[in-house]
1. Please determine whether any residue of the stretch 141-164 is modelled with pLDDT under 85, surrounded by 14 or more Cβ atoms within 10 Å (Cβ to Cβ) and either of a type in the set (Phe, Trp, Tyr) or under 22 Å from Ala266 (Cα atoms) (or both).
2. Can you tell me which of Thr123, Thr130 is assigned to a strand (DSSP E or B), of a type in the set (S, T, N, Q) and closer than 23 Å to Leu252 by Cβ?
3. Out of (1) at pLDDT below 90; (2) over 23 Å from Asn323 (Cα atoms); (3) open to solvent by 10 Å² or more (accessible area, probe 1.4 Å); (4) of a type in the set (D, E, K, R), what's the single condition that is false for Glu34?
4. For Leu249, indicate whether it is at pLDDT below 90 and not in a helix (DSSP H, G or I).
5. Select, from Gly321, Gly352, Gly335, Gly315, the only residue that is within 36 Å of the chain's Cα centre (by Cα), modelled with pLDDT of 85 or more, open to solvent by less than 50 Å² (accessible area, probe 1.4 Å) and not polar (S, T, N, Q).
6. Residues Ala210, Ala221, Ala291: which one is modelled with pLDDT of 85 or more and small (Gly, Ala, Ser)?
7. Report every pair of residues separated by at least 6 positions or lying on different chains whose Cβ atoms are under 7 Å apart, first residue within the stretch 120-138 and in contact (Cβ under 8 Å) with a residue 24 or more places away in the chain and within 16 Å of Glu46 (Cβ to Cβ), second open to solvent by 50 Å² or more (accessible area, probe 1.4 Å) and not in a strand (DSSP E or B).
8. Out of Ser47, Ser61, I need the residue that is part of a helix (DSSP H, G or I) and within 30 Å of the chain's Cα centre (by Cα). Which one?
Amino acid sequence: MRIQVTASRKSGLPGLLAAILLAGAVRAQTPISETQDPLGRNTPQESIFQFLEACHARDYSKALRYLDLRRMPQAERAQDGPELARELEDLLDDTPFDIATLSRDPEGDQSDDLSDTLDRLATFQVDAQTVELRLERVELKPGYRVWLVSADSVALIPKAHQLVVETPFEKKLPQQLVTFEILDTPVWRWIALVTIAPALWIAAGFLARAFTAVMRPVAGASAFRGPLRIFVAAAGFRAALQMARPSTLPRLFIERSLGLLFALAAAWAAAIVVDLIAEQWRSHLDPREQAVTYSVLPLGRQVLRLSLFLVAILGVLSAWGYNTSTILAGIGVGGLAVALAAQKTIENLFGGLSVIGDRPVLVGDVCRFGDRTGTVTHIGLRSTRIRTPDRTIISVPNAQFSSMALENISRRDKIWFHPTLNLRRDTTSEQLLRVLSSFREIRTAHCKV
């Protein structure tokens with residue numbers, strides 16, 4: 001079975017531009033090794049990435065240093081090595097090769113069925129035969145090991161290169177659209193992708209609108225239109241990449257961008273769920289619990305939404321190979337610095353959370369705090385506002401308010417009524433008995449006593 005893919009000739013400037021734009025996408029995935037190779041051959045993935053960068057820059061004298069040519073005579077290396085590098089470049093750029101599948105570990109992929117010094121590079125089907133190219137960890141000198149395309153695989157490159165032929169579709173295109181390249185990809189593929197992208201976005205909008213129309217009876221279904229549109233458009237563009245496939249490095253960049261879009265759309269959808277749950281909760285709250293409604297609930301919702309997006313981004317960065325523990329440590333150090341600079345503000349914030357959570361008073365309660373008395377009008381995250389009997393407003397910082405002895409007058413269940421009856425010295429016993437009898441009648445007749 002013969003796979004038909006496109007042959008291409010590389011132009012120097014676009015290849016160099018691709019290297020500049022995309023260098024960080026894979027270089028950041030490579031862990032630091034004890035002995036760094038100046039050519040970046042410490043891990044399988046970095047070795048192939050640097051090989052493709054050299055090829056796209058038309059530096060084939062450098063590119064052949066990523067191939068194990070030790071079995072070839074010195075004269076043949078200089079003559080045949082650059083051509084072998086070009087053929088391998090065509091193979092990796094014009095076939096469904098994914099550089100992200102290669103190991104980022106200096107020790108290679110330990111889970112495959114190969115020896116510790118070998119890693120699988122790519123597998124091709126040529127005339128019903130399987131051609132497997134491998135990487136080998138070669139010791140150039142004692143204690144100095146690098147990953148190269150193995151000598152056995154170098155011998156198979158010309159045979160595997162038979163796959164790189166023009167498709168019947170490309171033969172019908174003007175030759176300039178096939179031979180002229182941008183970022184080492186035939187220009188017709190970029191035209192196809194640029195044309196497909198807006199069409200997919202429009203179609204995804206119609207599909208998302210139709211879905212939300214069908215799900216209209218479900219509360220809040222229309223809010224999911226945005227993330228659903230991104231999901232559909234990204235999935236469609238991912239399928240389009242298989243039909244008009246860019247070369248390896250631009251494809252890596254595009255696929256990583258699509259992965260980030262998927263993660264952000266998922267976080268967006270989760271944030272909408274959080275909003276719906278918060279709104280449902282708010283509608284069932286006691287109107288007197290305004291502190292929860294206007295302070296804690298919005299803050300908690302925003303913190304949770306931000307956390308969802310942060311987790312999504314960190315998950316994508318981890319999948320790309322970035323050391324997320326270092327990023328989290330940096331965020332922690334920055335957070336500590338902010339906490340020290342805003343110590344009073346944070347103290348008031350936690351004081352407000354304490355008052356709102358413990359609820360010693362609610363909005364509308366009459367309370368005594370310190371030597372003052374008043375009615376609580378608002379409990380915020382920074383301060384609590386209280387209206388005094390003089391009709392003035394006192395704003396008390398929550399750090400101070402939460403540490404006070406608060407007496408909630410509105411919540412007392414009984415009032416100790418203990419008046420003093422003043423009688424004249426010349427009051428007779430008969431008069432005193434009548435007073436006591438009258439008082440007893442009033443007490444017994446009152447329903448609240």
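1. No, there is no match, as no residue in the stretch 141-164 is modelled with pLDDT under 85, surrounded by 14 or more Cβ atoms within 10 Å (Cβ to Cβ) and either of a type in the set (Phe, Trp, Tyr) or under 22 Å from Ala266 (Cα atoms) (or both).
2. Only one candidate passes the filter, namely Thr123.
3. (2)
4. no
5. Values: Gly321 fails: modelled with pLDDT of 85 or more; Gly352 fails: modelled with pLDDT of 85 or more; Gly335 fails: modelled with pLDDT of 85 or more.
From the options Gly321, Gly352, Gly335, Gly315, the qualifying one is Gly315.
6. Ala210 is the lone residue from the list that is modelled with pLDDT of 85 or more and small (Gly, Ala, Ser).
7. Glu136/Thr117; Arg137/Thr117
8. Just a single option satisfies the conditions, and that option is Ser47.
The values are calculated or read from the model by the stated rules, or taken from the named source; none is laboratory data. Values in this document were obtained by computation on a predicted structure and should not be read as measured data. Ideal geometry is used to build each Cβ from the backbone, glycine not excepted, and the neighbour counts take in all protein chains shown. To get the accessible areas, we keep the full protein, side chains included, count just its heavy atoms, and leave off ligands, DNA and RNA. Shrake-Rupley method; radii C 1.70, N 1.55, O 1.52, S 1.80 Å.
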